[in-house]
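The values are calculated or read from the model by the stated rules, or taken from the named source; none is laboratory data. Since we're looking at a predicted model, the values are computed, not measured. Using ideal geometry, Cβ is built from the backbone for each residue, glycine included, and neighbour counts are taken over all protein chains shown.
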Amino acid sequence: MSTKYEKIEYDLIVMGGGASGMMAAGIAAENGKRVLLVEKNKELGKKLKITGGGRCNITNATYNNKELLKKFGKAEPFLYSPFSQFGVKDTFKFFETKKLPLVIEENNRVFPRSQSALDVFKVLERYILNKNVTILLDNPVLKINTNKPSNKIESVTTKKGTFSAKNYILATGGSSHPETGSTGDGFEWLKELGHSANSPTPTIVPLKAANKWVRKLSGKVAKKVKITFYTNGKKSFSEKGDVLFTHFGISGPTILNLAHKVSDLLHEGEVTASIDFYPETDIGTLDKKIVEIFDKNKNKMFKNVLTEIAPEGLSDFIEDSKIIPDMAVKINEISKEQRREIVNILKGRTINITELMGMERAVISDGGIPLTEVDTRTMKSRLVKNLYLTGDILHINRPSGGYSLQLCWTTAYVAGQLK
């Protein structure tokens, strides 16, 4: 099957059929280039289809580039040129003109109105098919062949043959979600080509906890809480937001975005976290509030009053604390000391953090090619004349919230111009 494709001299070969690779292939083809897209999986967009919990956080509706790029840390000064070429407004236009309406949710997160990552994938799939991109699936790259004197790539050897082009885009992604085929292959090829590559580590990733009560709340969300982290008993930092309890620990956007800080703490010693479920209410005021609830329900059983005391949907954690051993006890039989213990855990329930979850649960990993080795005005390698680099192959730290996919769209668009 691949013999006829091997004879073709392509303008561009894109390695990697994820979000960035599909976008780059489509843009180049729209500009009149003959494009071959090679993908190691048996399907395109495997990671894209599960991103954002299957909802796909397409971008973040921060339209001012200066404000947006502050989220990218040390990479900020390198990104003004690419984001001036294709920014957040361009992403809206790209998808909405292809009949995918978008909605802006909390913290400026942007999702398809359908809440389906599959719909985002279908837009990109139609785009590259309509632009006549040649696609070879189940076709991992085995070797990148270079001409050392000219410092150019001559061809790529794959499972289905050897193919050549004038230009190449490496869009193989990082190392998060390795089950989708995102295993960091590109880093090794780039090292062989003379690039340096920072080893990837999971940076936007859930936290593992040792406490049984945390796991018992799996699937429930504590909203608008304050979580404070301690190292060896000493306060390190606090953050406010929502916390999702899971069968292994804690997650949700708030946790994901501070995981890199917790990673540093874990190198220093024992890490614990304390959740304040009522951060806007001081301990004395909360105690008075519970006294009022108890006075109003003196003859009721404690279990029937729990929902008035605990945050919505989280009454189980008070029951699990065993402060009140018999949940059928009458309110008027509860001691002052027991009531104060309830107040104390509402203002600070301790979680023992044991580690960050691994690459298989990482939303984003860091690592990749330093931006000093890339001309970000074009996304072209500074070391290999006809190679362009996009998306997660680049060493750029950023939070969750749509920033990662926007980086994919932007770098893919710029690389697809083949300047």
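Selection within region 259-318: residues that are under 22 Å from L356 (Cα atoms) and of a type in the set (D, E). The member of this set that is modelled with the highest pLDDT is D276.
How do the strands (runs of 3 or more DSSP E) wholly within region 155-242 filter down when requiring 3 or more residues that are modelled with pLDDT under 85 and buried (at least 20 other Cβ atoms within 10 Å of the Cβ): which remain?
Details: elements: 161-170, 202-204, 207-209, 221-231.
In region 155-242, 202-204 are the strands (runs of 3 or more DSSP E) which contain 3 or more residues that are modelled with pLDDT under 85 and buried (at least 20 other Cβ atoms within 10 Å of the Cβ).
Looking at region 270-288, I want the residues that are closer than 19 Å to F237 by Cβ and have a partner that is in a loop (DSSP other than H, G, I, E, B) and basic (K, R) with Cβ atoms under 6 Å, at least 6 apart or on another chain. Which pairs are those? No pair meets every condition.
Out of the residues in region 257-296 that are in a loop (DSSP other than H, G, I, E, B) and crowded, with 17+ Cβ neighbours inside 10 Å, state the one that is nearest to the chain's Cα centre (by Cα). Full working, then the answer.
Applying the first criterion (in a loop (DSSP other than H, G, I, E, B)) to region 257-296 yields 267-270, 277-282.
Next, only the ones that are crowded, with 17+ Cβ neighbours inside 10 Å stay: 277-278.
Numbers: F277: 26, Y278: 28 Å.
Checking each candidate, the answer is F277.
Taken together, the residues in region 351-385 that are assigned to a strand (DSSP E or B) and either modelled with pLDDT under 85 or not hydrophobic (A, V, I, L, M, F, W, C) (or both) amount to 10. Checked against (1) closer than 30 Å to G233 by Cβ; (2) in contact (Cβ under 8 Å) with a residue 60 or more places away in the chain; (3) out of contact with any helix residue (DSSP H, G or I) (no Cβ under 9 Å at 6 or more places or on another chain), E312 passes all but a single condition, namely (1).
Look through A29, A75 and report the one residue that is modelled with pLDDT of 95 or more, not polar (S, T, N, Q) and not in a strand (DSSP E or B).
Working: A75 fails: modelled with pLDDT of 95 or more.
Answer to the check: A29.
Of all residues assigned to region 257-265, none qualifies as being acidic (D, E), in contact (Cβ under 8 Å) with a residue 40 or more places away in the chain and not assigned by TED's automatic domain parsing to the domain that holds G53. For region 51-96, taking the residues that are surrounded by fewer than 16 Cβ atoms within 10 Å (Cβ to Cβ) and closer than 15 Å to D119 by Cβ, the one that is farthest from the chain's Cα centre (by Cα) is identified as E96. Residues that are among the β-branched types (V, I, T), in contact with a strand residue (DSSP E or B) (Cβ under 7 Å, 6 or more places away or on another chain) and either modelled with pLDDT under 95 or in the same structural domain as M379 (by TED's automatic domain parsing) (or both) are absent from region 61-68 altogether.
In the set D320, D392, only one residue is charged (D, E, K, R), over 18 Å from M15 (Cβ atoms) and in contact with a helix residue (DSSP H, G or I) (Cβ under 9 Å, 6 or more places away or on another chain); that residue is D320. Modelled with pLDDT of 95 or more, surrounded by 23 or more Cβ atoms within 10 Å (Cβ to Cβ), in the same structural domain as F86 (by TED's automatic domain parsing) and over 24 Å from the mean Cα position of the chain (by Cα) - does that describe any residue in region 386-406? Yes: one or more hits.
Scan K70, K89 and give me the residue that is part of a helix (DSSP H, G or I), on the phi < 0 side of the Ramachandran plot and in contact with an Asp or Glu (Cβ under 7 Å, 6 or more places away or on another chain).
On the way: K89 fails: in contact with an Asp or Glu (Cβ under 7 Å, 6 or more places away or on another chain).
Answer to the check: K70.
Pairs are defined by a Cβ separation below 8 Å, a sequence spacing of at least 6 or placement on different chains, a first member in region 103-120 that is without any contact (Cβ under 8 Å) to a residue 12 or more places away in the chain and under 14 Å from F92 (Cβ atoms), and a second member that is surrounded by fewer than 20 Cβ atoms within 10 Å (Cβ to Cβ) and of a type outside the set (G, A, S); the pairs so defined are V103/R113. Filtering region 243-254 to residues that are touching a strand residue (DSSP E or B) at 6+ places or on another chain (Cβ under 6 Å) and assigned to a strand (DSSP E or B) leaves V243, L244, G249, I250, S251.
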